[in-house]
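K.L.:
Just passing along the structure, written as structure tokens.
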Amino acid sequence: MGNNCVAGGGTPHRHDIQIINNTNIHWKLDTSIGCGRDCKHEGFNNVHVSDVSDTVSDVSGIPDTVSWTSLGFKVVDGKIVEGHSPPKDIAPGSVGKFSVSGREATAVAPSGSAYFKSNKGGAKMLVVWNFTGWTTWTKSALSIEFTGMTPVVPGIIYGESGGALWSNILTGPVDIGHL
């Protein structure tokens, strides 16, 4: 079934993306980010409502057996492969996986982004993919970017510490293999 962003069917130019979390930071899919397409993937998806109480401001009147469908990614071209959506959580020391592809019977390769946030000092992670297919001579690209600042902690002896950019602390090395 799916929607405009998440769909089944053929998967030309499929790419499986893995995010290896070598930090002590727990990343969550940033559900405040909408997709920007007509579908807005804002339906209900048969998950327990307690899992999304921090996402839906008023859960009164919503049955316990349904919840909000995950937001947190934008698809420019192609699709998220149905059943392989970006993970809702990437725990410290774990791996988050998802798959993107072109659409069936098209030559357009996938491009888009997934957004993650952490409660640790406002850290945010952006995963951007721009893969190429057989109709272009350009190279595929994948990047992981970090934004936000560490919290400022008042110190007794040395004054305040913190306030550093997360992009100066965390790196997101990327290996797209033979592409």
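The values are calculated or read from the model by the stated rules, or taken from the named source; none is laboratory data. Note that the coordinates shown come from a computational prediction; the quantities given were computed from them, not determined experimentally. Here the Cβ is made from the backbone with ideal geometry for all residues, glycine too, and neighbour counts use every protein chain on show. Only protein heavy atoms, including side chains, enter the accessible area calculation; ligands, DNA and RNA are left aside. Shrake-Rupley method; radii C 1.70, N 1.55, O 1.52, S 1.80 Å.
K.L.:
List the pairs whose first member sits in the stretch 138-153 and is in a strand (DSSP E or B), whose second member is open to solvent by less than 80 Å² (accessible area, probe 1.4 Å) and hydroxyl-bearing (Ser, Thr, Tyr), and whose Cβ atoms are under 8 Å apart, counting only residues at least 6 apart or on separate chains?
P.N.:
Matching pairs, first to second residue: Glu145/Ser167; Phe146/Ser167; Thr147/Ser167; Val153/Ser161.
K.L.:
Under 6 Å between Cβ atoms, at least 6 apart or on separate chains: pull out the pairs that start in the stretch 14-31 with a residue that is over 23 Å from Gly112 (Cα atoms) and end on any residue that is buried (at least 16 other Cβ atoms within 10 Å of the Cβ) and acidic (Asp, Glu).
P.N.:
Close Cβ pairs (under 6 Å, with a partner that is buried (at least 16 other Cβ atoms within 10 Å of the Cβ) and acidic (Asp, Glu)) do not exist here.
K.L.:
A further question on this structure: What number of residues within the stretch 1-27 are part of a strand (DSSP E or B) and buried (at least 18 other Cβ atoms within 10 Å of the Cβ)?
P.N.:
Number satisfying all stated conditions: 6.
K.L.:
Name the one entry in Lys88, Lys40, Lys79, Lys28 that is over 13 Å from the mean Cα position of the chain (by Cα), modelled with pLDDT of 90 or more and of a type in the set (Lys, Arg).
P.N.:
Result: Lys79 is the single residue among Lys88, Lys40, Lys79, Lys28 that is over 13 Å from the mean Cα position of the chain (by Cα), modelled with pLDDT of 90 or more and of a type in the set (Lys, Arg).
K.L.:
Right, something else. Would you check which residues across the stretch 80-101 are open to solvent by less than 20 Å² (accessible area, probe 1.4 Å) and under 16 Å from Cys35 (Cβ atoms) and list them?
P.N.:
Result: Ile80, Val81, Pro86, Phe98, Val100.
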